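To start, the structure under review is shown below, and the notes come after it.
The values are calculated or read from the model by the stated rules, or taken from the named source; none is laboratory data. What you are looking at is a predicted structure, and each value in this text was computed from that prediction instead of being measured. We place every Cβ from the backbone using ideal geometry, glycine too, and count neighbours over all the protein chains shown. Ligands, DNA and RNA are excluded from the accessible area calculation, which covers all protein heavy atoms including side chains. Shrake-Rupley method; radii C 1.70, N 1.55, O 1.52, S 1.80 Å.
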Amino acid sequence: MDTAHPTAGWEQLGERFYRKIQLYTQVFDQDLDLDHFHVAGAPYGGAIALYRDDDKLIASQPTRPSKPSIDIYSCAGKLIRRINWDQGPIKGLGWSEDEKLLVVTADGTVRCYYDLQGEFTQFSLGNGADEVRVRSCRFYAHGLVALLNNNALVLVSSYDEPRPKLLAQPPEGHIHAWNIIPPAYTLSRSVEVLLSINQTIYVCDASECEDRFLDIGPFTHIAVSPNGRFVGLYTTTGKAHVITSDFQTRLSEHDSRSKIPPKYFEWCGNDAVVIAWEDEVHLVGPSGSLATFIYDSGRIHVIPDYDGVRILANDTCDFLQRVPDVTEEVFRLGADSPASILVDAVEQLELQSPKADDNIQLIRPHLVEAVDTCISAAGQEFSVHWQKQLLKAASFGKSVLDIYNSDDFVDMCETLRVLNAVRFYEVGLPLSYEQYLRLSPSGLITRLLHRHEYLLALRIAAYLRLPTDKIYVHWACSKVRLGSEDDDTICRKIVEKLSGKPGISFEAIARAAYDEGRGRLATELLNHEPRAGRQVPLLLSMEEDELALDKAIESGDTDLIYFVLHQLKRKLPLAGFFRVINIRPTATALVEAAARRGDGDGREDTTLLKDMYYQDDRRIDGAAVFIREALRQPENRTASDKLVLAAKLLADNAKEHAFELGALKEATALLRMQETFDRDLTDNFTGLSVHETMFKLIRLGYHGRAKKIQNEFKVPDKVAWWIRLQALVAKRDWNELEEISRQRKSPIGWLPFYNQILQAGNPRLAATFIPKCQGLEPGQAVTMYEKCGLRVKAAEEAVKIKDAEAWARLLEAAGRNTAEGREIERLGLTVFKR
């Protein structure tokens, strides 16, 4: 246990302190010479990738593979994965913020290893990179910029959806060094590239390349601070300059007095820069102050991080950072802050000294501040001993207070337990407190899953009250990919382990099995997926079409069934599609309903319906499709042809479909007769019924043709007379109606003639039909004559039936002094006595 005082490793640079913390020892084997390797480290204490430098000759080592490989280690030197490499020279090796390993080859091929286990996606930079070749690359949180040999710059802004595009073309000239400012720290919110050309710096983005008019170059190294506000420049003469990223203000200058260019020039946080040679590290502060660290164990590599740098050597891994403000407030020599006094009070309490109470009374007005500071300082410590001391001090201080919210104290205790667990050398994730906050607990869980640390991930998730379904699913997917047991055994183990766990997606596990070529295992696992919406798409991609359709039907989700049917219709021949759905009534009904609705345009899909009914021997339904088609045809010839086809479908069973065949025959005959009328007459008869055709013919004066229609289609006399009456009334053919009135009999009686003609506005002609009407009720004839305006006739009828009341009403309406009135009065005097 490291019990040395925290200030033991401090170095003062101007007004600030920096500390070097030893994270791990005996990191790599002594026969591994780091001088022969390119090294790239993931942010937030992440994995380290090593790739052998092809430009250096290396003596053969029996313990190391002879073939090129990319070796991924933890910071503690534990080998996580060895990736065999046979894709040619590597020109870029870097990491994304979420610990994806990016490898860029000379021909512009980019591989993205996304899980530390060798699984990758691949894309090309394009833009002529395969011909011009890649010179070098720079990486940021979720993208990269590649510099080609013709000085062209290619940007990839997302690894998930890579769309490489060219940035503005830099001016002619040799590029001595270059770097990027990530889009999160630029005003334009796009990547800016800093290029050292001649004596100055050019800044390129997507649209332009601007000269910043410096005269202190050329520069061999360019470094951008983690917050993007400052730029460090190292010249060929050994001078380091720090300026603002807008190149308006020069902040400091340092002369290293070294004629050997450094291997690394990086920022340590946002306040100091690190200049590193093979075994020597210079830390340069804001005021030009300097701290030097010498490594006797051989070549070192510097890995920048958000709040410091990791220094990697064969026998050690160190973390160099600025001392946090709260830590300095507590431990700085001579500090008299309330927090420092509270820590001293705990030490006195352990010694059972009365000075402990004196210290508490001294800081009592500031005790809450002291407790908060000790809690924060505990989070900044890597030493478990000093974490406990600071938390003891905080606990002692809050026990004295009457009221104190302990939430921060509890949260810090939980956080430190997590950090200490993942910092353990067998895990090798040396997260600082600031890095942990930026990474987030869920991000930490993901990193543990990539390392297959499932037990630790489960314990941390349970401890922090995080969901565990992702952990179980990742374990199961790994079991599917790497397990050597047979399919039944693996399926049984996975189901036993995951049954009853909330939120488990068996679909994701089944997909992993299918991707590994274990189709049977994938199908078995999918049977345990409760959500059909997740089962079905994977079953379709696995070519399990009928099973996918059955699962969709079982779910009762109409949209899901339609989705499967649409996929099957596109994939299968039509006959095969019908064979699949014909034994599934639900699917058949939905296909039929969809075909009748049409594909969004409202038009019936008659081709599909006819094929489906033919396959299923549904002749009536098939004939109905032809009939609906016939009704929609603008031309009679085409419509009659459709009806003939409908009749052919029913002809094989004429007895059973006699009525339908008769109706089709009559419809066909009508269409052909209408076609003749359209051709011979001056009007359009297409689409009319038999009655409407007769009506129009009579109205146009073609009584003979109408009679022919009546005879052809056996229209009853009563119906024919009604049609004739309505057509003549509509035509106002009063002469023809007057001729009809001379006939003795009418199949429909004479009352309809009276009503229709009266409504048409010819009361005189209507009155001629009143005497012919049979079966009228008493007094009805009076009313009928009265409606025609013939009061005298009405009075005669009233006298006949001796209706004095009606007679008096008519007399009153006509007036006694009128000729009509006197006539009505005369008629009544012979019958009615006053």
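Test residue 186 against the stated conditions and say whether it is open to solvent by less than 40 Å² (accessible area, probe 1.4 Å), free of Cβ contacts under 8 Å to residues at least 60 places away in the same chain and closer than 19 Å to residue 240 by Cβ.
no
Taking only pairs six or more apart or across chains, which ones have beta-carbon atoms under 8 Å, a first residue in segment 337-361 that is farther than 14 Å from residue 399 by Cα, and a second residue that is among the basic types (Lys, Arg) and not in a helix (DSSP H, G or I)?
So the pair list comes out as 340/332.
Any residue in segment 498-512 that's within 24 Å of residue 540 (Cβ to Cβ) and free of Cβ contacts under 8 Å to residues at least 40 places away in the same chain: show its pairings with residues that are among the polar types (S, T, N, Q) and surrounded by 21 or more Cβ atoms within 10 Å (Cβ to Cβ) at Cβ separation under 8 Å, as long as the two are six or more apart or on different chains.
Partner pairs satisfying both residue conditions: 507/535.
May I ask you to list the residues in segment 449-495 that are out of contact with any Asp or Glu (no Cβ under 9 Å at 6 or more places or on another chain) and among the aromatic types (Phe, Trp, Tyr)?
If the condition is that a residue be out of contact with any Asp or Glu (no Cβ under 9 Å at 6 or more places or on another chain) and among the aromatic types (Phe, Trp, Tyr), then 454, 472, 475 are the ones that fit.
Would you mind telling me which numbered condition in (1) within 27 Å of residue 47 (Cβ to Cβ); (2) open to solvent by 20 Å² or more (accessible area, probe 1.4 Å); (3) in a strand (DSSP E or B) residue 292 fails?
(1)
List every residue pair whose Cβ atoms lie under 6 Å apart, where the two residues are 6 or more positions apart in sequence or sit on different chains, the first residue falls within segment 81-100 and is closer than 17 Å to residue 52 by Cα and β-branched (Val, Ile, Thr), and the second residue, located anywhere, is open to solvent by 30 Å² or more (accessible area, probe 1.4 Å) and at pLDDT below 95.
Listed by first residue and then by second, the contacts come to nothing, as the list is empty.
Could you check segment 300-320 and list, in sequence order, the residues that are among the hydroxyl-bearing types (Ser, Thr, Tyr) and under 18 Å from residue 437 (Cβ atoms)?
Listed by number, the list holds a single entry, 306.
Would you pick out the residues in segment 338-386 that are over 30 Å from residue 22 (Cβ atoms) and among the small types (Gly, Ala, Ser)?
Selection gives 353, 356.
Can you work out which of the residues in segment 156-192 that are assigned to a strand (DSSP E or B) and not β-branched (Val, Ile, Thr) is nearest to the chain's Cα centre (by Cα)?
Of everything passing the filter in segment 156-192, 165 is nearest to the chain's Cα centre (by Cα).
Tell me whether segment 415-429 contains one or more residues that are open to solvent by less than 30 Å² (accessible area, probe 1.4 Å) and within 24 Å of residue 361 (Cα to Cα).
Checked segment 415-429: no residue is open to solvent by less than 30 Å² (accessible area, probe 1.4 Å) and within 24 Å of residue 361 (Cα to Cα).
Looking only at segment 101-112, which residues are closer than 17 Å to residue 42 by Cα and surrounded by fewer than 22 Cβ atoms within 10 Å (Cβ to Cβ)?
Residues satisfying the conditions are 111, 112.
Could you please find all residues in segment 708-723 being open to solvent by 40 Å² or more (accessible area, probe 1.4 Å), closer than 18 Å to residue 672 by Cβ and part of a helix (DSSP H, G or I)?
Within segment 708-723, 708, 711, 712 qualify.
If you scan segment 449-477, which residues turn out to be open to solvent by 20 Å² or more (accessible area, probe 1.4 Å), β-branched (Val, Ile, Thr) and in contact with a Pro (Cβ under 8 Å, 6 or more places away or on another chain)?
None - no residue of segment 449-477 is open to solvent by 20 Å² or more (accessible area, probe 1.4 Å), β-branched (Val, Ile, Thr) and in contact with a Pro (Cβ under 8 Å, 6 or more places away or on another chain), so the list stays empty.
In segment 438-472, what residues are farther than 25 Å from residue 78 by Cα and not charged (D, E, K, R)?
462, 463, 464, 466, 467, 468
Go through (1) open to solvent by 70 Å² or more (accessible area, probe 1.4 Å); (2) touching a Ser or Thr at 6+ places or on another chain (Cβ under 9 Å); (3) at pLDDT below 75 one by one and return the number of the condition residue 595 breaks.
(1)
Of everything in segment 672-707 that's part of a helix (DSSP H, G or I) and of a type in the set (Gly, Ala, Ser), which residue is surrounded by the fewest Cβ atoms within 10 Å (Cβ to Cβ)?
704
Which residues, counting only those in segment 132-150, are charged (D, E, K, R) and either buried (at least 20 other Cβ atoms within 10 Å of the Cβ) or in a strand (DSSP E or B) (or both)?
Passing the criteria: 135, 138.
Those residues that are in a loop (DSSP other than H, G, I, E, B) and closer than 21 Å to residue 94 by Cα, I need them from segment 295-313; list them, please.
Within segment 295-313, 299, 300, 306, 307, 313 meet the criteria.
Taking segment 778-789, which residues are surrounded by fewer than 20 Cβ atoms within 10 Å (Cβ to Cβ) and in contact (Cβ under 8 Å) with a residue 12 or more places away in the chain? Give the derivation first.
Restricting attention to segment 778-789, the residues satisfying the condition of being surrounded by fewer than 20 Cβ atoms within 10 Å (Cβ to Cβ) are 778-780, 783, 786-787, 789.
Result: 778, 779, 786, 787, 789.
Has segment 328-340 got at least one residue that is surrounded by fewer than 17 Cβ atoms within 10 Å (Cβ to Cβ), over 25 Å from residue 463 (Cα atoms), among the small types (Gly, Ala, Ser) and out of contact with any helix residue (DSSP H, G or I) (no Cβ under 7 Å at 6 or more places or on another chain)?
Among the residues of segment 328-340, at least one is surrounded by fewer than 17 Cβ atoms within 10 Å (Cβ to Cβ), over 25 Å from residue 463 (Cα atoms), among the small types (Gly, Ala, Ser) and out of contact with any helix residue (DSSP H, G or I) (no Cβ under 7 Å at 6 or more places or on another chain), which makes the answer yes.
Please state which one of 208, 278 is in contact (Cβ under 8 Å) with a residue 40 or more places away in the chain and closer than 24 Å to residue 35 by Cα.
278
Return a yes/no flag: does segment 483-505 have any residue that is open to solvent by 70 Å² or more (accessible area, probe 1.4 Å), closer than 30 Å to residue 558 by Cα and assigned to a helix (DSSP H, G or I).
So far as segment 483-505 goes, no, none of its residues is open to solvent by 70 Å² or more (accessible area, probe 1.4 Å), closer than 30 Å to residue 558 by Cα and assigned to a helix (DSSP H, G or I).
Would you point out which residue out of 403, 360 is open to solvent by 50 Å² or more (accessible area, probe 1.4 Å) and among the β-branched types (Val, Ile, Thr)?
403
When segment 121-141 is examined, which residues are found to be over 17 Å from residue 223 (Cα atoms) and in contact with a helix residue (DSSP H, G or I) (Cβ under 9 Å, 6 or more places away or on another chain)?
124
Restricting attention to helices (runs of 4 or more DSSP H) lying wholly within segment 354-467, give those where 1 or more residues are in contact with a Cys (Cβ under 7 Å, 6 or more places away or on another chain).
384-400
Conditions: (1) assigned to a loop (DSSP other than H, G, I, E, B); (2) open to solvent by 70 Å² or more (accessible area, probe 1.4 Å); (3) at pLDDT below 70. Residue 654 meets all but one. Number of the miss?
(2)
Restricting attention to helices (runs of 4 or more DSSP H) lying wholly within segment 759-810, give those where 1 or more residues are of a type in the set (Phe, Trp, Tyr).
Helices (runs of 4 or more DSSP H) meeting the threshold: 780-787.
How about segment 223-235: which of its residues are open to solvent by 10 Å² or more (accessible area, probe 1.4 Å), in contact with a Leu (Cβ under 9 Å, 6 or more places away or on another chain) and over 16 Å from residue 305 (Cβ atoms)?
230
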